[in-house]
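What follows draws every value from the coordinates through simple rules; no lab data is involved. A quick note: this is a predicted structure, and the numbers were derived from the prediction, not measured. Cβ sites come from the backbone with ideal geometry, for glycine too, and all protein chains shown count toward neighbours.
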Amino acid sequence: MKVALRAASAALLVFVAAQVWLPPALAAEDMEATGKDLTLIFRSARKVISDNQDLINDASKGDKGLSAAAVIEQTKVNYQAAAGADLNLTDDGSPTAKARAALISAVQATMDEAQALINEQGKGFKGFLPAVFGGRVASNFSAAMAGTFAIKLTAPKAYVRNRANRPDEWEDKVIESMFKQPGYEKGKAYAEAVPVKGKAAYRYILPEYYGPSCLACHGDPKGEIDITGGKKEGAKLDELGGAISLIIYQ
């Protein structure tokens, strides 16, 4: 009788285990498209914060109109302008669809958390910079997709202010030996299948360059204290300033 019960219990455990849903692995041909899509969504969202820095830091205004919903809508506009297609948020059950939804949810959570700060009247500089926004979105997304996807902002070592954004060995190699080389095609992403901490993974990294709004904090004169309290790096317009790095675990 006990043997029969043990056998039945084992069978039940096998059945329950079989019901646990795990996301299917992405097909090799889909990985590059997914990398391109997710990094573009991330960039499109961060651009909203970059474009609205003056508004965010306007001490004379209370409600800035930058609710999570408003930022997501503008993210879609930025995405459409860059991709030439609408942002597809249809849930077809694929890993890519789930990752897209998680990234948008990360933007939602980040903006919801920041509303009191952004809308504080009488306070000028809020410290809610594109890099801060990007870091929080990356953290929220990576936590939600733990074990399947991870994203982060990084940069050449000389330009990293937040140690959490320091490039790992692979990112540093790509930045230094490819992105920073004169002959490398500007804006071209690089992708490679390479293990991460012993786990099979596909890595996708997209270079980013300093625009006019970036130079207020990162430009000349080098060493001068900027509005954030950091030292300006003396960066130049269109110089490589960072990268968006994505991991798709296999």
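Summing Lys, Arg as +1 and Asp, Glu as -1, what charge do residues with Cβ under 12 Å from the Cβ of Phe179 carry, Phe179 excluded?
So the surrounding residues net to -2.
Which translational diffusion coefficient, to the nearest whole µm²/s, is obtained for the chain from the Stokes-Einstein equation, given a Kirkwood hydrodynamic radius over C-alpha pairs, 4 °C and 1.567 mPa s?
65 µm²/s
Magnitude of the Cβ-charge dipole of the chain, K/R +1 and D/E -1, about the Cα centre, nearest 20 debye?
Its charge dipole is roughly 780 debye.
If you add up the charges near Gln53, with Lys and Arg at +1 and Asp and Glu at -1, over every other residue whose beta carbon is less than 12 angstrom from its beta carbon, what do you get?
Charge balance near Gln53 sits at +1.
Spelling out what I want: for every residue of segment 51-64, take phi, set θ = phi - 60°, compute 6.51 cos²θ - 1.76 cosθ + 1.60 (Karplus), and round to whole Hz; glycine and proline get x.
For segment 51-64, the Karplus-derived couplings read 5, 10, 4, 4, 5, 4, 8, 7, 5, 7, 10, x, 5, 8 Hz, x marking Gly and Pro.
With a 10 Å Cβ neighbour count serving as the proxy for reagent exposure, in which order, fewest first, do Val77, Val132 appear?
With the fewest neighbours first, Val77, Val132 line up as Val77, Val132.
Considering only the other residues whose Cβ falls under 9 Å of the Cβ of Ile244, what net charge follows from Lys and Arg at +1 and Asp and Glu at -1?
Computed value for this residue: +2.
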